[in-house]
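Notes follow once the structure below has been shown.
The values are calculated or read from the model by the stated rules, or taken from the named source; none is laboratory data. Because the structure is predicted, anything quoted here is derived from the model rather than measured. Here the Cβ positions follow ideal geometry from the backbone for every residue, glycine too, while neighbour counts run over all protein chains shown. Just so you know, the surface numbers come from the protein's heavy atoms only, side chains and all, with ligands and any DNA or RNA stripped out. Shrake-Rupley method; radii C 1.70, N 1.55, O 1.52, S 1.80 Å.
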Amino acid sequence: MYKILRSIFFLFPPEWTHYFSMNCLKILCVIQPIRKLLAYAFTPADSRLTIYFLKMKFKNPIGLGAGFDKNAVHLRELAILGFGFVEVGTVTPLPQTGNPKPRLFRLPKDKALINRMGFNNDGVKLVTERLKRWKESQESGVGSRESGLITHNSRLIIGGNIGKNKNTPNEEAWKDYAACFNELHPYVDYFVVNVSSPNTPGLRELQDKESLKKILLHLLMINNGKANSKPVLLKIAPDLTYRQIDDLIDLALEIKLDGIVATNTTINRQDLIHEFGKGNQESGGLSGSPLKKRSTEIIRYIHQKANGQIPIIASGGVFTSDDVKEKLDAGASLVQVWTSFIYEGPAIVKRICKTLNIQ
């Protein structure tokens, strides 16, 4: 069924299709019988898949990476689709429209996407308001009953992916990250510091050890001053050299960072099947199947180099339960999907979980 829908959706621009399909799902979920039917159809119900990670309980290890629900407007729908966790954002202090359109491209032959979105989001104030309403609905039990998820054990874990505004100079970036951290802190379960997107000019320069240390130490200082601290993770690029990765591992161990998300999108275009018109390549970050091998290599390298002392969330090229197992065997504890959600459809979490054995 989804293959037919996908063939129709792929006739339209990717970004328009994204908003159209999710808004259609949102409308369907307003109707309670349909909402319950969708929850029954798409939500895995296997307690053996429960994962404990950084003192959080995940109903399954399959999450949705940042960039899909940037503005926290589809949490109910994503919970119904069975995700164990959802990462909202990337969120910046001020709203921004991102890069000019078109900025999202499909590469069907490669099962890949290229995006150069540029941290388009509604700004941290509005996103925080939505997360506050979501948390209140969950605590009252309304959200769980409405979505068909009837126990506290199935609560959707929410991550907050934070970044800097495009016009903020790098030397002041720490202020942007701190502003987002403070606003979101009461309403997310963990944080991911994004300094690895290729679509904000100069952002990846913040992966330099000293620049990054300033940002992370300030966030950890704020975190330690809170009544309830939240795990702080770092999202890294797959295009780093091993020497750069070594620096990040040393830093993570030195400051006792809670974990790493490996990896973000890549600027590498090697071995792609797809060809753009006139042979030109679109700029931006590549995600999907072509990223699978490199992502796994980095996960394994970090896990071995740090002797398993750095918790890892895997991201990059996850389509099947075998892909999940590969990431877990390499050293990750959780995985995120994004591009595969576009290609495989709303049943991807249940399909993966059906044949996943993590015992």
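Listed values, structure above:
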| read-out | value |
| --- | --- |
| Pair Asn170, Asp250: separation of 7 Å Cα→Cβ label points (nm) | 1.9 |
| Under 12 Å from the Cα of Lys354 - aspartates and glutamates, other chains or at least 8 residues apart | Asp46, Asp322 |
| Pairs from Lys57/Lys325; Lys70/Lys350; Lys226/Lys293 whose Cα-Cα separation, in the structure shown, is over 28 Å | Lys226/Lys293 |
| Helix-only [θ]222 nm of the chain, DSSP H runs n ≥ 4, -39500 (n - 2.57) each, per residue, nearest 500 | -12000 deg cm²/dmol |
| For the chain, the longest site-free run once chymotrypsin sites (Phe, Trp or Tyr not before Pro) in DSSP loop states with at most 15 other Cβ atoms within 10 Å are removed | 11-275 |
| Antiparallel content of DSSP bridges confined to the chain, in %, to 5 | 30 |
| Calculated FRET value between Arg269 and Arg48, using beta carbons and R₀ = 51 Å, to 0.05 | 0.80 |
| Dipole in debye (nearest 20) - the chain, about Cα centre, beta carbon charges: Lys, Arg +1; Asp, Glu -1 | 840 |
| Set of aspartates and glutamates near Lys327 by C-alpha distance (under 14 Å), chain-local residues within fewer than 8 positions excluded | Glu297 |
| Selected from Ile157, Ile27, Ile313 as most flexible by GNM, with the chain as the system and alpha-carbon contacts under 10 Å | Ile27 |
| Global form of the range 54-144, assessed from the alpha-carbon gyration tensor, a/c cut-off 1.5 | oblate |
| Nearest-20 debye value, the range 200-359 charge dipole, Cβ charges on Lys, Arg, Asp, Glu | 400 |
| Per-residue SASA entry for Leu28, accessible area with 1.4 Å probe, Å² rounded to 10 | 80 |
| In the range 211-289, GluC sites (Glu not before Pro) in a DSSP loop with at most 13 other beta-carbon atoms within 10 Å | Glu275 |
| Within the range 1-93, trypsin sites (Lys or Arg not before Pro) in DSSP loop having at most 12 other beta-carbon neighbours inside 10 Å | Lys55 |
| Glu171, Glu87, ranked by accessible area, largest first (probe 1.4 Å) | Glu171, Glu87 |
| Candidates Ile273, Ile342, Ile114, ranked by Gaussian network fluctuation over the chain, Cα under 10 Å, top entry | Ile273 |
| Kirkwood hydrodynamic radius of the chain, Cα pairs, Å | 20.4 |
| Projected-area average for the range 1-100 over all orientations - Cα convex hull basis, square nanometres | 8.6 |
| Nearest-0.05 FRET efficiency for Lys226 and Lys26, computed from C-beta distance (R0 30 Å) | 0.40 |
